[in-house]
Amino acid sequence: VDVFAENLANVEQARPVLASYGDPILHVGGLGAGQWVKLINNTMFAAQLGVLREAVAFGNRVGVDEAGLLQAVGHGSGASRAAEIVGTRGSVQEFIDSVAEFIGKDVAVVRQIAAETGNDLGLLEPLIGSVVHAESDRPSPNLDPSWIEARAASDGHSVWFDAPYDLAVAPNDPDVAF
C-alpha cells in the first residue's frame with residue numbers, strides 16, 4: 001500500500017511511477033495526512049501485538065498452547081495481518097524481540113508527534129505500552145539499516161527509506177516493512 005496526501009492531480013500525474021513499486025495507491029487527504037496514516041498503521045500494528053500478547057497470556061492461564069492458539073486465531077474472527085505474521089513464528093514474544101528496535105522507533109515517533117500536536121493515543125497506549133515501554137522506545141540515531149538492505153537484496157528486492165524517520169519498505173516483500 002502506498003499512501004499519499006498531496007494534491008490529487010499530482011498523485012494522478014505520478015501514478016505510473018508509483019505503480020511500479022506499490023499497489024494500491026491511495027489518496028488520504030491533505031498535506032501530512034499520508035504520514036499520519038503511516039504512523040497510525042504502525043501504531044495499530046504495535047497495538048495488535050499487545051492484543052496478541054494479552055490473548056496468549058490468558059490462553060496460558062487457561063491451558064491453551066501458544067502456537068496452537070496463534071494458528072487457530074489466524075483462521076477465526078480474530079485474524080489480522082499481525083496475527084498472521086506472528087503465527088508463522090509460533091511465539092508473540094519471539095516476534096516482538098525480533099522487531100523490537102523498529103517497533104520502538106515507530107512508537108517513539110507517533111508518541112512524540114501526538115504529544116507535539118496536543119493529542120494522546122487513547123486506548124491504543126496501554127496496548128502498545130505492553131509491547132514497548134515509554135522509557136525504552138527512543139529512536140536509535142545511528143540505526144544501521146544494512147541488514148535490511150542485505151535481506152532485500154538476497155530476495156531480489158530493492159529498499160526505499162522514508163525520510164525523516166528512516167522507515168524502510170522493501171517493495172513487493174510483505175515481510176519487510178518498518
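The values are calculated or read from the model by the stated rules, or taken from the named source; none is laboratory data. Just so you know, these numbers come straight off a predicted model, no measurement behind them. Reconstructed Cβ throughout: ideal geometry from the backbone, glycine too, with neighbour counts over all protein chains shown. The area values use the complete protein model at the heavy-atom level, side chains included, leaving out ligands, DNA and RNA. Shrake-Rupley method; radii C 1.70, N 1.55, O 1.52, S 1.80 Å.
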Problem - Residue match in segment 43-52 (condition: open to solvent by 50 Å² or more (accessible area, probe 1.4 Å), of a type in the set (Val, Ile, Thr), in a helix (DSSP H, G or I) and at pLDDT below 85) - result: no
Completion exercise
Among the residues of segment 69-83, the number that are more than 13 Å from the chain's Cα centre (by Cα) and either touching a residue at least 12 places away in the same chain (Cβ under 8 Å) or part of a helix (DSSP H, G or I) (or both) is 7
Exercise for the section: Could you figure out which of (1) at pLDDT 90 or above; (2) over 22 Å from LEU49 (Cα atoms) isn't true of GLU149? Expected result: (1)
Problem - VAL3 being among the β-branched types (Val, Ile, Thr), at pLDDT 90 or above and not in a helix (DSSP H, G or I) - result: no
Fill in the blank from the handout: Within segment 18-53, the residues that are within 22 Å of SER77 (Cα to Cα) and aromatic (Phe, Trp, Tyr) are PHE45
Exercise for the section: Could you list, in sequence order, all residues of segment 30-47 that are free of Cβ contacts under 8 Å to residues at least 40 places away in the same chain and at negative phi? Expected result: GLY30, LEU31, ALA33, GLY34, GLN35, TRP36, VAL37, ASN41
Problem - Unmet requirement for VAL99, which otherwise passes all of (1) open to solvent by less than 70 Å² (accessible area, probe 1.4 Å); (2) in contact with a strand residue (DSSP E or B) (Cβ under 9 Å, 6 or more places away or on another chain) - result: (2)
Practice task
Look at segment 11-40 and say how many of its residues are among the small types (Gly, Ala, Ser) and assigned to a loop (DSSP other than H, G, I, E, B).
Solution key: 5
